[in-house]
Amino acid sequence: MVLKDGTFQMVRSYEKSGDRVRYFSLERGGWEEIPASLVDWDATAKADKDTAAADDALAAKIHKQEEERKIDTVLDVDASLQVGGGTFLPPGEGMFAVEGKSVIPIPQVGTAIKTDRKNQLKRVLSPLPIIPGKKNIELEGKRATLRINSGNPEFYLRELTTEDEQESGLERTSRQSVTGPEVELLKATVKGNKRIIESVRSMMGEQVGLENQTISIQQWEVAKRVYRYTLSEPLPPGEYALAEILPGGLNLFVWDFGVDERSEIKK
């Protein structure tokens, strides 16, 4: 949303009501209001149009690249799956990173939910329950054990087959759609001896904001219950986690890894 003074607000959505405009700030994770007279509506409309066009162009480019680079797949999920360059995805469930001819299983680790103690103390001392709460979804340690040597890996997720589920006594949940599970790639914020992958803000028991650094990925179904995830741009050095999105929110078991600086890799 562009303002008349030349500045702008990063918003998820906005609505105009009379002489006020209400918007959800991505920066602060909550709803705010300002006078509608401060907004440059023509510039805002143009920015909306340009953003939509850029998103469509990026999706079209990635789709074209994918069509040009067909992968020969073995449709039997119990057999090995070719992922290019003579490399095969091993059988069995899990998430894998593919770098050139290397296929690396990514370990799945549990996260912890930690409450912001500073805000919790403010709420206890405040006479009115208006102080927002904040919970962080965290991973222990500054660095993931698995280090990836390239900023351009591809990821493959193989799920349990129906037979595997029956043998293990598992039941399929409603989260599975026709196009497969919803997976996000999140960049972690390193703070002390922990990695924060998502922060949830709440007010009076209701969620009012969500803070995370989502990296754009494209999902492709390459075989029965096998999904490929490609990046729209190289990953900068940092700590990351692939997480499945369930109806109730982020799956607390994630696949974590790190990307090092090129100088660190050479050492």
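The values are calculated or read from the model by the stated rules, or taken from the named source; none is laboratory data. The model shown is predicted, which means the values in this text are computed figures rather than measured ones. We place every Cβ from the backbone using ideal geometry, glycine too, and count neighbours over all the protein chains shown.
Odds and ends about this structure:
- Any chance Ile34 is among the aliphatic types (A, V, I, L, M) and either part of a strand (DSSP E or B) or at pLDDT 75 or above (or both): yes
- Among the residues of the stretch 42-53, those that are more than 30 Å from Thr230 (Cβ to Cβ) and exposed (fewer than 14 other Cβ atoms within 10 Å of the Cβ) comprise Asp42, Ala45, Lys46.
- Residues within the stretch 119-144 that are modelled with pLDDT of 55 or more and in a helix (DSSP H, G or I), tallied: 0
- Verdict on Phe253 being exposed (fewer than 13 other Cβ atoms within 10 Å of the Cβ) and within 14 Å of the chain's Cα centre (by Cα): yes
- Elements of type strands (runs of 3 or more DSSP E) in the stretch 169-267, at least 3 residues being modelled with pLDDT under 85: 194-203, 206-211
- Qualifying residue in the stretch 54-71 (condition: modelled with pLDDT of 75 or more, surrounded by 13 or more Cβ atoms within 10 Å (Cβ to Cβ) and part of a loop (DSSP other than H, G, I, E, B)): no
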